[in-house]
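Asks: Pasting in a structure now, in structure tokens, and then I'll have a few things to ask.
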């Protein structure tokens, strides 16, 4: 991934419904550059290989085939008790670079964010969406940051 050109972009799909309902989607990390092809930064960003590469709290996540915004798989996240159904992955990044984290969501109280950026950690969320909605947030990495945790 190059540090010049437009911001890198994490794009993909994540859907969620409230409490015991369904969250579906994937998360793909792309690094566009005027001089290079996009590079997938997230492992199994579309959950096409189950939860490979992802860690979900309290066993709250599962890969499902429907509903999916696109592709053949999605993430179902089911919060229970004090667990908020957080699924995360560590991705490699370049220091002093700007990234955009973006995801398609559906459901209630769905969030998307990045931590360990070396600057200001970011998150965004949707209170409720019966239709697919895109969440997007941007972050900059610190001068010595080589990895961040992305989460939904």
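Asks: So how many residues does the stretch 92-107 have that are surrounded by fewer than 23 Cβ atoms within 10 Å (Cβ to Cβ) and outside any strand (DSSP E or B)?
Replies: 4
Asks: Can residue 142 be described as surrounded by fewer than 19 Cβ atoms within 10 Å (Cβ to Cβ), modelled with pLDDT of 95 or more and either farther than 23 Å from residue 46 by Cβ or touching a helix residue (DSSP H, G or I) at 6+ places or on another chain (Cβ under 6 Å) (or both)?
Replies: Answer is yes for this residue.
Asks: Here is a further query. So is residue 77 crowded, with 17+ Cβ neighbours inside 10 Å and farther than 20 Å from residue 49 by Cα or not?
Replies: For residue 77, the condition - crowded, with 17+ Cβ neighbours inside 10 Å and farther than 20 Å from residue 49 by Cα - is not met.
Asks: Residues to consider are 27, 21; find the one that is modelled with pLDDT under 50 and outside any loop (DSSP other than H, G, I, E, B).
Replies: Of the residues listed, the single one that is modelled with pLDDT under 50 and outside any loop (DSSP other than H, G, I, E, B) is 27.
Asks: Filter the stretch 58-87 down to residues that are in contact (Cβ under 8 Å) with a residue 40 or more places away in the chain, in contact with a strand residue (DSSP E or B) (Cβ under 6 Å, 6 or more places away or on another chain) and closer than 15 Å to residue 111 by Cα, then give me how many there are.
Replies: Going through the stretch 58-87 one residue at a time, the tally reaches 6.
The values are calculated or read from the model by the stated rules, or taken from the named source; none is laboratory data. In this text, all values refer to a predicted model and were calculated from it rather than measured experimentally. Reconstructed Cβ throughout: ideal geometry from the backbone, glycine too, with neighbour counts over all protein chains shown.
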